[in-house]
Ligand code: GLU
């Protein structure tokens, strides 16, 4: 891939005369991600600044990664942020359905067009054959690339394979993709980077339709962006390498391109791509831990440098508090956010700064609003109603509630080694086991029976007793040796926060080991 700044391509395409239409297209594969809110905010600002429409589309065609509860969680989390969409599966709109699993007929029809025009072909290689090819390529350090015989089947050969009932996928025929490097290339314009060129030698014949009849992301995404009249595709930079495939599809269909804006990825403090091992990434975590949506949006709005912050002059003349120069309401962001200012260096998702910002928002509330905030978050009726049955039978006087339920209301609990290391285990033993527990919990469906079954399977494999494992988990979650029923408490506390507690425990222990080593 190469990028240059001077473009020969037309600056905008002819269909883009009317109001802009943008979209976010999350896949329901788990908890709603902070990255979705970040890209959602950028799309929202873009639409609001230009009197356009902001669309929510659910990309649920990957059935292997589909999580049934995830779609509702995406709606809830995005509603919590306050980024309202104009069209979407739950609010309708003129270009529906907005859920891809309800559009499979459409993709089939468009895929057929590509087959008819020769831009796509049926590929009959088996998964085993593809795997063998991939391994062979890796062995000689070549990037994996499909080069199966089906690409060059005559119509008769293809018809014969079809008649035999061989399963097949449908692949995009990348023009001259089977010729040496330098034969053909695709150039598209990225509004933030200028022209980007990909040699077709490096573009795989992408699968468009899987053997189960479901489209891949690439086909469904392009067909929908076109049919939904999307003028500007604003998404994370990880999709840049998919874009040449998309451009080839637009060309094969004879459609105008949207404008592409690839936003810099959010990063951990160490500059690696944001990951749950280093930062909570679930929006549900932030909501449950008591972050305010305004603070979250404000913080995300600062990522990437698009916010025109007040100049020093403005700060002095308006008597602004310097450290508050970062504080913007959503309305102010609509007024001041400038897509031309975005810088491509990876914006760092700095939890310390987000926490500080949240504190600023909390301090800005009057007493009543602050009280109401507590009552609608950490002291909400619904949360309390879930907690009280877990402690009622264990109490003699109501003030013991605080002694028993304190961990439900804390940001952090860090147990001492005497509390978390089981009697017959050593500290290193325990710290080797805890990450395994985290992995199992991450994969568990968050209901008591499922957590229990997954944990027990691990215990048997690792020869830990139920008593030992529950003691460790109880210590990590509650900071104590005794607590209300543990699994029920974890369900009420929530998956995102429970996992965060285990991760923070591991992090703190790692630091302690480093410090001990220095002594
Ligand atoms: N479904 C993709 C995702 O999960 C959408 C990427 C795009 O915006 O094209 O992020």
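Here are the numbers for the structure shown:
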item	result
Any hit, region 147-162, residues being within 16 Å of the ligand (Cβ to nearest atom) and surrounded by 15 or more Cβ atoms within 10 Å (Cβ to Cβ)	no
Whichever residue in region 51-93 is assigned to a helix (DSSP H, G or I) and away from the ligand (no atom under 16 Å from the Cβ) and, among such residues, is surrounded by the most Cβ atoms within 10 Å (Cβ to Cβ)	81
Residue within region 193-216 that is more than 24 Å from residue 102 (Cα to Cα) and within 16 Å of the ligand (Cβ to nearest atom) present	yes
Qualifying positions in region 184-198 - buried (at least 19 other Cβ atoms within 10 Å of the Cβ) and either farther than 12 Å from residue 262 by Cα or touching a helix residue (DSSP H, G or I) at 6+ places or on another chain (Cβ under 6 Å) (or both)	186, 188, 198
Tally of residues being outside any loop (DSSP other than H, G, I, E, B) and either more than 29 Å from residue 506 (Cα to Cα) or within 13 Å of the ligand (Cβ to nearest atom) (or both) across region 221-280	34
Subset of region 33-45 [away from the ligand (no atom under 13 Å from the Cβ) and under 13 Å from residue 20 (Cα atoms)]	44, 45
Total residues in region 168-182, condition at pLDDT below 95 and either farther than 16 Å from residue 246 by Cα or in a helix (DSSP H, G or I) (or both)	6
Failed criterion for residue 228 (all others in (1) farther than 27 Å from residue 109 by Cα; (2) over 20 Å from the mean Cα position of the chain (by Cα); (3) touching a residue at least 60 places away in the same chain (Cβ under 8 Å) hold)	(1)
Tally, over region 199-220, of residues that are crowded, with 24+ Cβ neighbours inside 10 Å and assigned to a helix (DSSP H, G or I)	2
Residue that is nearest to residue 205 (Cα to Cα), among those in region 117-161 that are in contact with a strand residue (DSSP E or B) (Cβ under 9 Å, 6 or more places away or on another chain) and part of a loop (DSSP other than H, G, I, E, B)	146
Considering residues of region 15-27 that are more than 9 Å from the ligand (Cβ to nearest atom) and modelled with pLDDT of 95 or more only, the residue nearest to residue 276 (Cα to Cα)	22
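Residue by residue, here is whether (1) surrounded by fewer than 22 Cβ atoms within 10 Å (Cβ to Cβ); (2) in contact with a helix residue (DSSP H, G or I) (Cβ under 9 Å, 6 or more places away or on another chain); (3) at negative phi holds:
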{"residue": "244", "(1), (2), (3)": "no, yes, yes"}
{"residue": "250", "(1), (2), (3)": "yes, yes, yes"}
{"residue": "263", "(1), (2), (3)": "no, yes, yes"}
{"residue": "272", "(1), (2), (3)": "yes, no, yes"}
{"residue": "279", "(1), (2), (3)": "yes, yes, yes"}
{"residue": "287", "(1), (2), (3)": "yes, yes, yes"}
{"residue": "299", "(1), (2), (3)": "no, yes, yes"}
{"residue": "303", "(1), (2), (3)": "no, yes, yes"}
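The values are calculated or read from the model by the stated rules, or taken from the named source; none is laboratory data. For clarity, every value in this text was computed on a predicted model and none was experimentally measured. As a convention, Cβ positions derive from the backbone with ideal geometry for all residues, glycine included, and neighbour counts pool all protein chains shown.
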